[in-house]
Each structure stands twice: as structure tokens, then as C-alpha cells.
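Trainee: Dropping the structure in here first, questions after.
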Amino acid sequence: MKNISNKQAVDKLIFALDAASLDEALSWIELLSGHVGMFKVGKELFTAVGPKIVDCIKQRNQRIFLDLKFHDIPNTVARAAESAVKLGVDMFNVHASGGSRMIQETVRAVEALAAKNGQTKPIVLAVTVLTSLNDADLQEIGFAKSANAQVLHLARLAKDAGADGVVASPQDIEALRSQLGNDFIIVTPGIRSSLETVKDDQKRTLSALEAVKLGADYIVVGRPIRQAADPQAVCRNIVQEIATGMTAA
Ligand code: C5P
């Protein structure tokens, strides 16, 4: 049986810092530092308050996932990624559907700049198919494959192009882990406690325990923590589930 420390389990919990203002974000960072392993800054918060949110998180020695899902011509994404390296984020993402060349140029630029600055290279993740899209939506935009097949296709493309991992829905973890091997990072949102009855707009959910057992490396949780009466207690429960999942994996 594996011996999992509390820190190893905390490190795998990413909090979705989906706040609308700097003040709101700062109060969450104060409350949850040490209770989660990383803060995910998405488009809402970054567009509202800008890069200073990253500085605020770093000043508190916390890790950052910059979830801006870059998707543009290779040169533009590579330059945006260099800006993310300069900000000092630990993880960021691009759309795999931007193609191999976009991912390759981005990874190359990030590696070169991090090496030049003596920084640890951030983890580069690819988003495959947005979980809001079903098979009919994909057909509408001209993709012939089913959503499940498209996820695997784009994940393989991203891995071959040098991405470190993917953001994947709970239902895709198993297939991705078995087809892309153990050295490919899987980050999974859509996590809900098995005890919860209200599942808001996340249709395909798994518990943290199940996700980690199936092979998720990190899990992203937002509303179940933000809407709780005691957010720190919810984090502790999720971390306990992660530790149990890691022991069983
Ligand atoms: O509140 P909740 O736990 O559903 O938050 C999940 C977070 O993960 C949100 O920030 C959401 O934008 C993000 N996300 C997601 N599904 C994806 C990719 C990202 O829910 N496929």
C-alpha cells in the first residue's frame, strides 16, 4: 500500500478562483492558501483585474494555473505563452485544435525562455473538446468524429507536439490514461462529492476519489468549495478523498 502524505494530496487540488473582482479573489486566496495546491485564474478574473492577480497569488507563495485557453496562430500563442512564463505561472493551457505547429512553437518558446531565466518550465496543457460540445455540436462546426473520439485524437496530437497533458472531463480519464500512458498529465474538472444531490451545470461528474483512482493527476473544483458554508472543511474532505484515491490507484 502506498504511503501518501497530506501535502501530496493537497498539491493535486486546484481551486477554480472564478471571482469577479480583486477583493473577492483575495479573500478566497487568504482563506484557502495551504488548503489547496493551486489557484486557477480564468478568463473572468483575468479580464477583470489583469496580471496583478498572478502577483498577488505568487506573493503568498501559492501556485497558479492560468486558464486562458490560448488559440491563435502559432506565433501569437508562443508570444502569449512567453508572457505567461514571465508572469511566473506554474501551469497554463492552449486549445489542441490550434494544431501541432501551434503547440510545438509554444512548447519550444516556453522551454527556451524558462531555461534562459533559470525558471522551472510551466506545465503546458491542451484543451481537447470543450465539455459544452456534444456530437451534434461538433458536426455543426464540421468535425466528423464523435466527441469521445475527437478528445482522444486531439490528446494524441497534443502529446506528440510536446504538450505535458490535457484538461479532460471525468468520462475521458480512463481512455486517455490507457491510450496515452502514465507520463501524460490529466487535469479534471467536473468534480462533485458523491453525497451532493445538486450538480449545477456539470452534467458528467465524478467524485475526487473516483477521478484520482481512474488516473487524474489534478482535479479542479470551484462551486462545491465556493458555495459551501465551511469551504476549508470541504477542501479537507476532498483532500482526504484524493489521498484515498492515490492509495488505491
Ligand atoms: O464550479 P466548478 O467546480 O464546476 O468549476 C469548474 C471549473 O473548471 C470552472 O472554472 C470551469 O470553467 C472549468 N472547466 C470546466 N470544464 C471544462 C474545462 C474547465 O468546468 N471542460
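Trainee: Given the conditions (1) within 16 Å of the ligand (Cβ to nearest atom); (2) more than 22 Å from Arg226 (Cα to Cα); (3) in contact with an Asp or Glu (Cβ under 9 Å, 6 or more places away or on another chain), report the number of the one that Val107 does not fulfil.
Mentor: Exception for Val107: condition (1).
Trainee: Out of all the residues in region 95-104, is one or more closer than 16 Å to Asp164 by Cα, in contact with a Pro (Cβ under 6 Å, 6 or more places away or on another chain) and not small (Gly, Ala, Ser)?
Mentor: Yes - at least one qualifying residue is present in region 95-104.
Trainee: I've got another one for you. Taking Ala81 and the conditions (1) aliphatic (A, V, I, L, M); (2) touching a helix residue (DSSP H, G or I) at 6+ places or on another chain (Cβ under 8 Å); (3) within 16 Å of the ligand (Cβ to nearest atom), which numbered condition does it fall short on, given that it satisfies the others?
Mentor: Here Ala81 meets the rest and fails (3).
Trainee: While we're on this one: Within region 1-85, which helices (runs of 4 or more DSSP H) (wholly inside it) include 1 or more residues that are without any contact (Cβ under 8 Å) to a residue 60 or more places away in the chain and buried (at least 17 other Cβ atoms within 10 Å of the Cβ)?
Mentor: Counting at least 1 such residues, we get 22-32, 43-49, 52-59.
Trainee: Which is more than 17 Å from the chain's Cα centre (by Cα), modelled with pLDDT of 95 or more and either of a type outside the set (Gly, Ala, Ser) or closer than 22 Å to Val110 by Cβ (or both), of Val85, Val77, Val41?
Mentor: Val77
Trainee: Would you mind stating whether Leu22 is under 21 Å from Ala81 (Cβ atoms) and of a type in the set (A, V, I, L, M)?
Mentor: No, not satisfied.
Trainee: Look at region 173-193 and say how many of its residues are outside any helix (DSSP H, G or I) and within 15 Å of the ligand (Cβ to nearest atom).
Mentor: 9
The values are calculated or read from the model by the stated rules, or taken from the named source; none is laboratory data. Bear in mind that the values here come from a model prediction, so they are computed numbers and not experimental data. Counting neighbours? That spans all protein chains shown, and the Cβs are built from the backbone with ideal geometry, glycine included.
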